[in-house]
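S.K.: The structure's right below; bear with me while I get my questions together.
The values are calculated or read from the model by the stated rules, or taken from the named source; none is laboratory data. What you see is a predicted model; the values in this text were computed from it and never measured. Ideal geometry is used to build each Cβ from the backbone, glycine not excepted, and the neighbour counts take in all protein chains shown. Protein only, heavy atoms only, side chains kept; ligands, DNA and RNA dropped before computing areas. Shrake-Rupley method; radii C 1.70, N 1.55, O 1.52, S 1.80 Å.
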Amino acid sequence: MFNDEDLIELSHPKYWDGRYRSEQKVTPNGIQPVLDSYEWFRSFEQLRPFFESNLPPSSSGCHILHLGCGNSNLTADLYALGYTNQTSIDFSQVVIDAMMTKYSDLETRWGVMDVRELQLPDGSVDVAIDKGTLDAMIHGSLWDPPADVQSNVGKYVDEVARVLKPGGQWLYITYRQPHFMKPLLERKNSWDLAVKTLGGSQGTGEFDYFGFIMKRHEASNTS
């Protein structure tokens with residue numbers, strides 16, 4: 001189990017660089033280390049209905065931004081469905097190098113970037129996706145979040161609002177209860193917020209997950 005000090009480390013790239021480096025395996029040729037995939041908060045197949053009901057058609061050429069992609073297969077999974085205009089970012093240089101190598105055949109973009117300071121133009125993203133990144137910034141009591149949590153989450157949320165196009169959506173998957181997360185995510189001058197209960201895996205006793213949909217107002221206001 002993580003203690004509070006450990007949880008604070010999750011918001012720093014040094015922790016993740018070390019973790020990903022320790023998880024890399026050497027290939028039989030002994031030259032190129034590889035990193036196996038890991039899926040936070042359910043697999044693509046479990047989340048596929050949620051994505052299919054909220055993503056624009058792949059034929060639209062929509063620009064999808066993966067916020068803290070880690071070593072998830074989600075970029076490749078969506079690519080296989082025809083979503084080729086994707087940007088996958090993470091603040092860990094180690095994982096981005098590994099993913100660029102692993103998926104060198106995909107015509108997508110990879111970049112080292114902190115979600116709290118996105119190096120992207122205003123209104124340049126149709127859909128942003130988060131599956132575990134925001135949660136890594138949270139520690140302490142959600143009844144009264146510590147100052148660093150409020151600061152980190154606030155910067156992150158405001159940056160997503162900035163880069164979304166009018167009418168664009170942020171899809172955020174979490175296990176955290178909506179009554180805790182809504183106050184952190186609401187930006188009434190920027191988007192409308194809706195929540196869908198995704199449910200646990202039947203017969204496993206798994207707790208529910210939630211899919212938050214933040215849809216940017218058509219009139220491009222900022223909070």
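S.K.: Mind checking whether some residue in the range 157-164 is at pLDDT below 90 and among the β-branched types (Val, Ile, Thr)?
M.R.: No; the residues of the range 157-164 include none that is at pLDDT below 90 and among the β-branched types (Val, Ile, Thr).
S.K.: Is there a residue being basic (Lys, Arg) and part of a helix (DSSP H, G or I) anywhere in the range 116-130?
M.R.: There is no residue in the range 116-130 that is basic (Lys, Arg) and part of a helix (DSSP H, G or I).
S.K.: For the range 134-190, which residues satisfy the criterion of being open to solvent by less than 30 Å² (accessible area, probe 1.4 Å) and of a type in the set (Phe, Trp, Tyr)?
M.R.: Within the range 134-190, Tyr156, Trp170, Tyr172 qualify.
S.K.: Right, something else. Considering only residues that are outside any helix (DSSP H, G or I) and not aliphatic (A, V, I, L, M), which ones fall in the range 75-90?
M.R.: Passing the criteria: Gly82, Tyr83, Thr84, Asn85, Gln86, Thr87, Ser88, Asp90.
S.K.: Determine the pairs where a residue that is in contact (Cβ under 8 Å) with a residue 40 or more places away in the chain, located within the range 137-152, has a partner that is open to solvent by less than 30 Å² (accessible area, probe 1.4 Å) and of a type in the set (Ser, Thr, Tyr) with Cβ atoms under 8 Å apart, the partner being 6 or more residues away or on another chain.
M.R.: The qualifying pairs are Met137/Ser11; Met137/Tyr156; Asp148/Ser11; Asn152/Ser11.
S.K.: Give just the number: which of (1) open to solvent by 10 Å² or more (accessible area, probe 1.4 Å); (2) in contact (Cβ under 8 Å) with a residue 12 or more places away in the chain does Phe51 not satisfy?
M.R.: Every listed condition holds for Phe51 apart from (1).
S.K.: Select from the range 54-100 the residues that are surrounded by 20 or more Cβ atoms within 10 Å (Cβ to Cβ) and on the phi > 0 side of the Ramachandran plot and write down the one among them that is modelled with the lowest pLDDT.
M.R.: My answer is Gly70.
S.K.: Checking the structure you have, find out if any residue of the range 20-35 is assigned to a loop (DSSP other than H, G, I, E, B), closer than 27 Å to Ala128 by Cα and modelled with pLDDT under 75.
M.R.: Yes, the range 20-35 has at least one match.
S.K.: Hey, can you tell me all the residues within the range 104-115 that are open to solvent by less than 30 Å² (accessible area, probe 1.4 Å) and part of a loop (DSSP other than H, G, I, E, B)?
M.R.: Leu106, Thr108, Met113, Val115
S.K.: Moving on to the next point. Go through the range 144-163 and give me each residue that's of a type outside the set (A, V, I, L, M, F, W, C), in a helix (DSSP H, G or I) and either touching a Ser or Thr at 6+ places or on another chain (Cβ under 9 Å) or over 21 Å from Arg216 (Cα atoms) (or both).
M.R.: Once the filter is applied, which keeps residues that are of a type outside the set (A, V, I, L, M, F, W, C), in a helix (DSSP H, G or I) and either touching a Ser or Thr at 6+ places or on another chain (Cβ under 9 Å) or over 21 Å from Arg216 (Cα atoms) (or both), the range 144-163 yields Asp148, Gln150, Ser151, Asn152, Tyr156, Asp158, Arg162.
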